[in-house]
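Asks: The following block contains the structure, expressed as structure tokens.
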Amino acid sequence: MIRKVSLHNWTSHENTTIEFSKGANIFIGSMGSGKTSVLDAICYALYGKIPKLTRNSKLEDLISFGQDCATVELLLEANGKELLIKREIRGKGRNNAWLYVDGKLYEQSTSKVTSAIERILDMTYDIFTRAVYSEQNSIDLFLSLQKAERKAVMDRLMGIDKLRDAAKKATRVKGLLVSKKKEQEMLLDGWDSKEKKKTYEKFVEELQSLAKEGEELKASITKIKSDCSVKEKNLREEEEKEKKWQLLNDKLNNIKGKIATFRTSYEKREEMLKRLDDIREKSKTLAAKKKSIVEEITSLQSKRDAIIKSLSDGKQKIESIKSMEKELEETEQLIKRFTSKDLDAMKVEREKLLLEKKASISSLKAVLAESERAIEHIKEAREGKCPTCNTVLGKEGIEKVVEYWEEKKENAKKGIKEGREAVDKLSDDIAKLDSFIKKRDVALNKADLLRSRVAKLKESLPDIDSLNEEFAQLQKLMKDKESDKADVEERLSTLSKDLVVVERVIKEADIYSKAREEQKALELELSELSFNKELLRKLNSELSSYLSLLKEKEALLSTIEKRKASIMKAYSSLAEEIERFEREERRFEKTKELLEKMSYVCALLEQFQGARRKFIVQSLNSALNNLWSSIYPYSDYREVMIEASEDDYKFYLFNGTERKALESIASGGERTSFALALRLALSLVLTGKLNWLILDEPTHNLDERAISSLVEVVRTRLPSIVGQFFIVTHDERLKNEDLGSIFLFDRGREKTDRTRVSLLE
């Protein structure tokens, strides 16, 4: 049983929740009000798709206009379990689904949830849409279709259309296999297998012969290379001896040259050592003197920098004093301008006038109020009497009194207006005087501050003349010290040059001594080195002969390898050709085998179509007659039958003695009863167990009698057969029938209007 469905942003439904009952659940509303959308939502919740979607439409089209997500929740009971299914459409492959069984998450993802539902309900999407869900206006579809159309629809409901499609595909595959078999036969007929294999065997023999010859050459080349390695090793040893001998000779000659060059320096070594000590002592003394002079110059520079800073600070202070004195003069001029009048007295005078004007305005307001009250009293006078003193005035007297108070009233208004203008002007004058007084006080404070700063700066001014005199003396003293420093540096430079000469002579003397020792060692090493130029020449000649022989052998081996490569290429090509032929032979055998099997499948599918049609028609007839007595309330037609032929399905009614074709019966009751019985029979046969039935617009194209018959069947017969059924209709007349739970659907005409659902009490 389906207990509840909830829709959010689903087509025209913004937030719709409907709770269903057992038995009949009737949806009533105008076209486009959102009735069928609820059935689509139930189908989508169960299987993730709906029948009306085509190639040109997509699930995103079900999302309400202007929204980016739609959700459907379906609560139902099946096989003793409570199932809650929630599906969400977001578009671009971002859809999702959740299945809860008895309150616990059971599966997630669209495909897994759909598989679980089919498993739990034991009902696929195809069976649901063929047997349970009657699409819009199709309850009596079978009775109104032409022969070919009726056969196609019935075959589709029974699943025979898929068998027929499978048979067509199998026949098409069989034709392709026949064509392929012919092509393979033609290819194999033009092939000389024996000749190709003989050529293949010749290639193998020649390759084996060349391989043997090549191996012998390789062995010979390996032996020659080994001998060459020995000869080359001996030659390299002699060449290394020659290189070493030549290197030692060159080194000895170089050392002899050094000895000849530095002999004089060696003879002056002792003299240079004594001179070196004298130069170092003098340099040390001069360096100390230079350090002392540099320290004195640094001290003088610090004093000079301090004087320069004091002079700079003094100049800045003098400039500041001049600037402040100029600003002070301007401020004093401003003060004179502000103190030329007694601003405070003027302010007091105007404040006094302001109070007087405000008092005058208050008096005038009292006069105005008095005048207005007097005028009102006079206008209320009756029989020419004064309302205050009850004096008889007469009409003329009243007019004069009114005129008097009106004049007084106008004078008061005029006085109030002039007084307010005077108050505004006095307020502006006082504000301006306040501004001038503030500016005067600021100027006075500023003048005092400037005088104080100028006095302080003058007190802190240094003696510029004394500083300039001291600066000149320091400059002269620094110049003298710089001269002393230059003299010391010149003497140090001379000593440094002498030091370089002395150190060079001592270094050359040391090189001479070391070269004499190296000469003795090299002469000993040359005497011990055994080197024979004749042996080197002999070894070189032998190695050349072996290398020449090796080159000849390698050239012969290269020729053999090229021949092998050429044969191998032809061999490989032929091997591929033979392999291709054998592969084609295997494919040919496989094609023959597949063709035999496909021929059997084609025959089997043809037989199975007829057998399935016969079996389902027999089952339908049995179910129809079991249901007929419950649905059809009369006894004039006791039995019904479906008869299947090659091109049509025919429907008959039996009255006990003869059968009549259903198309020839004019009564809407019989047609509706048969259509409903057929729909129920299809559900029983195709699903195995009947619990739900969904009929979308079953009253479409039915006359009054047919509709009345359908209502009677729904009221009295259908609840005993089906546990829960749903009927969608726009026929308002069904609201007045006691059929079960009736839901009313309403929606405005605009695209963005939302569906409203209410339960008819």
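The values are calculated or read from the model by the stated rules, or taken from the named source; none is laboratory data. Not measured: the values here are computed from a predicted model. Cβ placement follows ideal geometry from the backbone for every residue including glycine, while neighbour counts extend to all protein chains displayed. Ligands, DNA and RNA are excluded from the accessible area calculation, which covers all protein heavy atoms including side chains. Shrake-Rupley method; radii C 1.70, N 1.55, O 1.52, S 1.80 Å.
Asks: Residues of the range 107-128 being buried (at least 19 other Cβ atoms within 10 Å of the Cβ) and over 30 Å from the mean Cα position of the chain (by Cα), which ones?
Replies: Ile117, Leu121, Met123, Ile127, Phe128
Asks: Here is a check on your reading of the model: is Lys49 open to solvent by 10 Å² or more (accessible area, probe 1.4 Å) and either under 29 Å from the mean Cα position of the chain (by Cα) or among the acidic types (Asp, Glu) (or both)?
Replies: Answer is yes for this residue.
Asks: Now a separate question. Here are some residues: Phe725, Phe743. Which one is over 28 Å from Phe65 (Cα atoms) and assigned to a strand (DSSP E or B)?
Replies: Result: Phe725 is the single residue among Phe725, Phe743 that is over 28 Å from Phe65 (Cα atoms) and assigned to a strand (DSSP E or B).
Asks: For the structure I just gave you, tell me whether Ile307 is under 30 Å from Ala455 (Cβ atoms), in contact (Cβ under 8 Å) with a residue 40 or more places away in the chain, open to solvent by less than 50 Å² (accessible area, probe 1.4 Å) and assigned to a helix (DSSP H, G or I).
Replies: yes
Asks: Looking at the range 367-396, which of its residues are crowded, with 16+ Cβ neighbours inside 10 Å and modelled with pLDDT of 75 or more?
Replies: Val367, Leu368, Ser371, Ala374, Ile375, Ile378
Asks: Moving on to the next point. Which residues, counting only those in the range 614-658, are over 16 Å from Ile160 (Cβ atoms), surrounded by fewer than 18 Cβ atoms within 10 Å (Cβ to Cβ), in contact with a helix residue (DSSP H, G or I) (Cβ under 6 Å, 6 or more places away or on another chain) and at pLDDT 80 or above?
Replies: Glu639, Met641
Asks: A further question follows. Any idea which residue in the range 129-162 is modelled with the lowest pLDDT, counting only those that are open to solvent by 70 Å² or more (accessible area, probe 1.4 Å) and in contact with a strand residue (DSSP E or B) (Cβ under 8 Å, 6 or more places away or on another chain)?
Replies: Filtering the range 129-162 for residues that are open to solvent by 70 Å² or more (accessible area, probe 1.4 Å) and in contact with a strand residue (DSSP E or B) (Cβ under 8 Å, 6 or more places away or on another chain), the one modelled with the lowest pLDDT comes out as Gln136.
Asks: Out of Gly23, Gly29, which single residue is within 18 Å of Asp753 (Cβ to Cβ) and in contact with a Ser or Thr (Cβ under 9 Å, 6 or more places away or on another chain)?
Replies: Gly29
Asks: Residues Glu201, Glu232, Glu205, Glu267: which one is over 30 Å from Glu490 (Cα atoms) and in contact with a Leu (Cβ under 9 Å, 6 or more places away or on another chain)?
Replies: Glu232
Table: residues versus (1) closer than 30 Å to Ser179 by Cβ; (2) touching a residue at least 12 places away in the same chain (Cβ under 8 Å); (3) of a type outside the set (A, V, I, L, M, F, W, C); (4) not in a helix (DSSP H, G or I).
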site: Asn540; (1), (2), (3), (4): no, yes, yes, no
site: Leu547; (1), (2), (3), (4): no, yes, no, no
site: Lys553; (1), (2), (3), (4): no, yes, yes, no
site: Ser558; (1), (2), (3), (4): no, no, yes, no
site: Ser566; (1), (2), (3), (4): no, no, yes, no
site: Leu574; (1), (2), (3), (4): yes, yes, no, no
site: Arg583; (1), (2), (3), (4): yes, no, yes, no
site: Cys602; (1), (2), (3), (4): yes, yes, no, no
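Asks: Please go through (1) out of contact with any helix residue (DSSP H, G or I) (no Cβ under 7 Å at 6 or more places or on another chain); (2) modelled with pLDDT of 80 or more; (3) of a type in the set (Asp, Glu); (4) under 19 Å from His730 (Cα atoms) for Asp696 and return the number of the only condition it doesn't satisfy.
Replies: (1)
Asks: May I pose another question? From the list Ala431, Ala455, Ala443, Ala472, exactly one residue is of a type in the set (A, V, I, L, M), part of a helix (DSSP H, G or I) and surrounded by 15 or more Cβ atoms within 10 Å (Cβ to Cβ). Which is it?
Replies: Answer to the selection: Ala443.
Asks: Considering every residue within the range 163-178, establish whether at least one is buried (at least 16 other Cβ atoms within 10 Å of the Cβ), of a type in the set (Gly, Ala, Ser), part of a helix (DSSP H, G or I) and modelled with pLDDT of 80 or more.
Replies: The answer is yes, given that some residue of the range 163-178 is buried (at least 16 other Cβ atoms within 10 Å of the Cβ), of a type in the set (Gly, Ala, Ser), part of a helix (DSSP H, G or I) and modelled with pLDDT of 80 or more.
Asks: Kindly indicate which of Leu499, Leu574, Leu524 is surrounded by 11 or more Cβ atoms within 10 Å (Cβ to Cβ), hydrophobic (A, V, I, L, M, F, W, C) and modelled with pLDDT under 85.
Replies: Leu574
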